[in-house]
Amino acid sequence: MFLAPTVLAAALALAPAAGAQTLPDYYPKEYSQIVEGSKKENKLVIYSIMAEYNWRPVIEGFKKKYPWIDVQTLDLGSGEVFERFYAEKASGARTGDLMINGAVDKWLQFAGRGELLEYESPEAAKVPDWSKPRKGIYSVSADPMVIVYNKALIPEAQAPKSLADLVKMTSAAPAKYKNKITTYNAGTEAFGLAINWAYVKKNGDKAWDQFAEMAKVVRPEGSAGPMVEKITAGEYMAGYFVSAIVLYPRLNDPARARILGWSFPTDGTPIIIRGMGIPKAATNMNSAKLMLDHIISHEGQVAFGKGGLTPYRADVKDDEVPRYTFSRVAKEAGGEQNLVIVDYDQDIVAKGPEFQAKWKKVFGQN
């Protein structure tokens with residue numbers, strides 16, 4: 001079809017340029033400066049505690065918006081994320097542009113050292129207040145810690161639905177379950193510390209009484225991967241406070257799904273707020289802001305839901321993700337009163353070592 005020059009010029013003026021973005025109407029006009037600034041930057045480097053398969057749907061959506069930004073994600077341990085940053089910054093080397101970690105004490109220390117950019121995302125008003133524990137820290141996901149058990153070793157009729165069920169089951173036959181139950185090592189792992197700290201904060205001395213009973217049969221691990229593998233193999237009969245995002249992908253295997261049973265603990269399902277923030281020392285600041293905003297947008301939350309994490313935005317519907325939204329987790333656990341939000345309690349920085357010493361003593365690790 002032929003267009004007169006004036007009509008063609010008008011049509012070109014209205015059409016978006018290649019790679020141009022249609023931003024939400026609630027984004028400020030100056031946001032376009034961030035987009036333009038990102039075009040002058042190099043590869044976006046992200047230090048996180050998530051695997052490639054968790055990231056894949058998120059990066060695919062991000063690349064459609066910003067095709068000029070290359071993204072590299074590193075799957076690190078919860079302690080390694082910040083230790084690597086500190087070491088690289090001290091040596092003058094390039095470090096991560098965006099940090100993601102579930103270790104509460106490490107985030108608070110990072111912010112306390114003045115390393116965190118207090119970025120105000122245009123998506124901030126769209127997410128709940130508890131997902132923004134400190135200025136500049138946003139949540140990637142709100143992931144449940146669950147009970148997992150081997151159905152060949154624990155019949156469904158005896159399947160534990162709570163930590164109290166596990167205590168009752170194992171205390172009735174401690175010799176049978178000795179070294180057959182696992183959980184995170186809260187004495188050495190920051191991730192485990194955060195979970196156990198929040199559970200004790202909610203349940204007080206009752207939690208310590210439960211830990212004392214579980215200590216008779218527990219052999220702790222450093223991460224959820226070995227826990228789930230060893231439960232599948234029968235080396236462990238069950239585990240508690242196991243990361244659901246590690247469990248979910250394995251349930252896609254029909255053979256594993258027949259072996260592994262699991263539940264949200266009804267007497268307190270810990271919810272890890274997977275924190276995210278931009279270091280002041282970031283090399284690619286604009287690209288990091290675009291990724292952070294993408295992750296907490298509706299589209300980004302759905303994408304991480306497809307990657308196996310738990311979206312928490314209220315506008316993400318259950319049928320948009322293959323597993324669970326935060327609201328569905330609350331429903332399955334018997335209500336939000338049965339959730340233990342692992343919040344950013346400042347006391348964990350000063351009193352965390354004392355807590356870990358007590359935990360190690362209870363679990364016989366001194």
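When the Kirkwood radius is taken over all Cα pairs of the chain, what Stokes-Einstein diffusion coefficient follows at 25 °C and 0.890 mPa s, in µm²/s?
Here the translational diffusion coefficient equals 112 µm²/s.
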Solvent-accessible area of LYS132, probe 1.4 Å, all protein chains present, reported in Å² to the nearest ten, please.
60
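Could you check what % of the DSSP bridge pairs in the chain are antiparallel, to the nearest 5? Intermediate values should be presented prior to the final figure.
Numbers: 18 of 33 bridges.
In the chain, approximately 55 percent of DSSP beta bridges are antiparallel ones.
Subtract the Cα-Cα distance of LYS135 and LYS206 from 0.36 nm times their separation in residues, and report this length gain in nm to one decimal.
Working: separation 71, 0.36 × 71 = 25.56 nm, distance 3.33 nm.
Gain on extension, LYS135 to LYS206, equals 22.2 nm.
What number comes out for accessible area per residue over region 226-366 if the probe is 1.4 Å? Units Å², please. Write down the numbers at each step before the final one.
On the way: 5240 Å² over 141 residues.
It amounts to 37 Å² per residue over region 226-366.
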Looking at region 42-136, which trypsin sites (Lys or Arg not before Pro) are DSSP coil and have at most 15 other C-beta atoms within 10 Å of their C-beta?
LYS43, ARG94, ARG113, LYS135
Note: ASN252 to LYS39 extended length (0.36 nm per residue) minus current alpha-carbon separation gives 72.8 nm
How large is the accessible surface of GLU213 in square angstrom, using a 1.4 angstrom probe and rounding to the nearest 10?
60
If only Cα atoms are counted, what is the Rg of region 155-233, and what is its Dmax, in Å?
12.7, 35
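What order do LEU76, LEU117 take when sorted by accessible area (1.4 Å probe), most exposed first? Can you show the working numbers first?
Details: LEU76 20, LEU117 40 Å².
The most accessible residue leads, giving LEU117, LEU76.
What is the gain in length, in nm to one decimal, between ARG113 and ASN366 on full extension, counting 0.36 nm per residue of separation less the C-alpha to C-alpha distance? Don't skip to the answer; put the middle values down first.
Numbers: separation 253, 0.36 × 253 = 91.08 nm, distance 3.09 nm.
My answer for the length gained is 88.0 nm.
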For an R0 of 22 angstrom, estimate the FRET efficiency from the Cβ-Cβ distance between LYS63 and THR283 and round to the nearest 0.05.
0.65
What percentage of the solvent-accessible surface of region 49-178, computed with a 1.4 Å probe over protein heavy atoms, is contributed by carbon and sulfur atoms?
50
Would you mind checking the pairs LYS180/LYS306; LYS230/LYS360; LYS29/LYS63 and listing those with alpha carbons more than 27 angstrom apart?
LYS180/LYS306
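Using the Kirkwood radius over Cα pairs, work out the Stokes-Einstein diffusion coefficient for region 287-364 at 20 °C and 1.002 mPa s, in µm²/s as a whole number. Could you put the intermediate results ahead of the total?
Details: Rh = 15.2 Å.
In µm²/s, the coefficient rounds to 141.
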LYS29 versus LYS161, label points 7 Å from Cα toward the beta carbon: distance in nm?
5.8
THR283 long-range amide H proximity, modeled H, under 5 Å
THR95
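The values are calculated or read from the model by the stated rules, or taken from the named source; none is laboratory data. No experiment lies behind these values; they were computed from the predicted model shown. Cβ coordinates were reconstructed from backbone atoms using ideal geometry, including for glycine residues, and neighbour counts include every protein chain displayed. Only protein heavy atoms, including side chains, enter the accessible area calculation; ligands, DNA and RNA are left aside. Shrake-Rupley method; radii C 1.70, N 1.55, O 1.52, S 1.80 Å.
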